[in-house]
Amino acid sequence: MELLKNIVAVRNYVSQAKKEGKSIGLVPTMGYLHEGHLSLARKARAQNDIVIMSIFVNPTQFGPNEDLERYPRDLERDKKLAEGARVDAIFFPSAEEMYPSNFATYVHVEVLTEVLCGASRPGHFRGVTTVVSKLFNIVQPDRAYFGLKDYQQATVIKRMVEDLNFPIEIVTVPTYREEDGLALSSRNKYLSPEQRQSARSLYRALKLGEELIHSGERQVEVVKEAMSKEILAHPETKIDYIAINNAETLQPLDEINGKILLALAVWVGSTRLIDNLVLEV
Ligand code: PAF
């Protein structure tokens, strides 16, 4: 596996691959890899000649009081896991390489970023779309891979790719879950054993919401209230949001109908976790 530390090294590697007519799949990550990331890498492996994974804890997508400093990092462990998933090259730039001191250009997707996590984390998606645009320009992949745990992120990136004419196919991969339903996330590492128990409430609440909707409930507030009760029954939980929105426009619904996104963000202790389900009603 190639270790590419800077943009010049990526450009050289990619230009050789393109000369040989090889297709390139990009798996953007912030590292501390888990099975969710590896499922993206495996999908990329199946669809491309070359798989490049980026590992970069992107400072511009963290707010001033968020967990940038404590975000888990372990490059040696990540290298082994990526190699096991048959990744061909890892790109792990420094913050200075990606954001030199005179950096002044950002990419902002409107409307889709004003709801859900965008409302709770101002500037977050601007950081995501900026770094992803940079990665797309540096790596120039044929396809790029994103997990559906970050459903809003995937939707925003698809919008950006279409609006800015990036010649890249965005491939989404289902959320990878533990046996009890907890969605894999690098942030799960922050949870104490007791908090890990409480974190099960996210998926339980989503499944409860799904059950109510499938049994005919159409009132948004009734479903949200039941989901909220399920979460708050567990210690150390605090709800950031529970939303029942249109799965394409991401806008809130008055009545449950069509392709809907059931999404939530919940604090468990000092860790903010997100999860979602998409339903056809
Ligand atoms: O989903 C993530 O890990 C990050 O938001 C991404 C897409 C790698 C951009 O930093």
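The values are calculated or read from the model by the stated rules, or taken from the named source; none is laboratory data. Note that the structure is predicted; figures quoted are calculated from it, not measured. Cβ placement follows ideal geometry from the backbone for every residue including glycine, while neighbour counts extend to all protein chains displayed. All accessible areas refer to the heavy atoms of the entire protein, side chains included, with ligands and DNA or RNA removed. Shrake-Rupley method; radii C 1.70, N 1.55, O 1.52, S 1.80 Å.
Listed values, structure above:
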{"quantity": "Qualifying residue in segment 196-203 (condition: at pLDDT 95 or above, among the polar types (S, T, N, Q) and not in a helix (DSSP H, G or I))", "calculated": "no"}
{"quantity": "Count of residues meeting criterion [more than 9 Å from the ligand (Cβ to nearest atom) and under 14 Å from LYS79 (Cβ atoms)] in segment 52-63", "calculated": "2"}
{"quantity": "Residue count, segment 2-43 (criterion: away from the ligand (no atom under 14 Å from the Cβ), surrounded by 15 or more Cβ atoms within 10 Å (Cβ to Cβ) and either among the aliphatic types (A, V, I, L, M) or part of a helix (DSSP H, G or I) (or both))", "calculated": "10"}
{"quantity": "Selection count, segment 220-238, where residues are of a type in the set (D, E, K, R), part of a loop (DSSP other than H, G, I, E, B) and surrounded by fewer than 16 Cβ atoms within 10 Å (Cβ to Cβ)", "calculated": "0"}
{"quantity": "Residue selected from segment 107-126 under the condition closer than 28 Å to ALA44 by Cα and of a type in the set (A, V, I, L, M, F, W, C), by the criterion surrounded by the fewest Cβ atoms within 10 Å (Cβ to Cβ)", "calculated": "VAL107"}
{"quantity": "Filtered residues of segment 82-106 (kept if open to solvent by 30 Å² or more (accessible area, probe 1.4 Å) and within 13 Å of the ligand (Cβ to nearest atom))", "calculated": "PHE92, ALA95, TYR99"}
{"quantity": "Qualifying positions in segment 257-278 - in contact with a helix residue (DSSP H, G or I) (Cβ under 7 Å, 6 or more places away or on another chain) and over 19 Å from LEU112 (Cα atoms)", "calculated": "VAL266, VAL268, GLY269, THR271, LEU273"}
{"quantity": "Residue, farthest from TYR99 (Cα to Cα), within segment 44-80, restricted to residues that are assigned to a helix (DSSP H, G or I) and open to solvent by less than 60 Å² (accessible area, probe 1.4 Å)", "calculated": "ARG45"}
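Matching residues to (1) closer than 30 Å to ARG204 by Cα; (2) open to solvent by 60 Å² or more (accessible area, probe 1.4 Å); (3) near the ligand (Cβ under 10 Å from one of its atoms); (4) not in a loop (DSSP other than H, G, I, E, B):
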residue	(1), (2), (3), (4)
VAL128	yes, no, yes, yes
ASN137	no, yes, no, yes
ASP150	yes, no, yes, yes
ALA154	yes, no, yes, yes
PRO167	no, yes, no, no
VAL171	yes, no, no, yes
GLU179	yes, yes, no, no
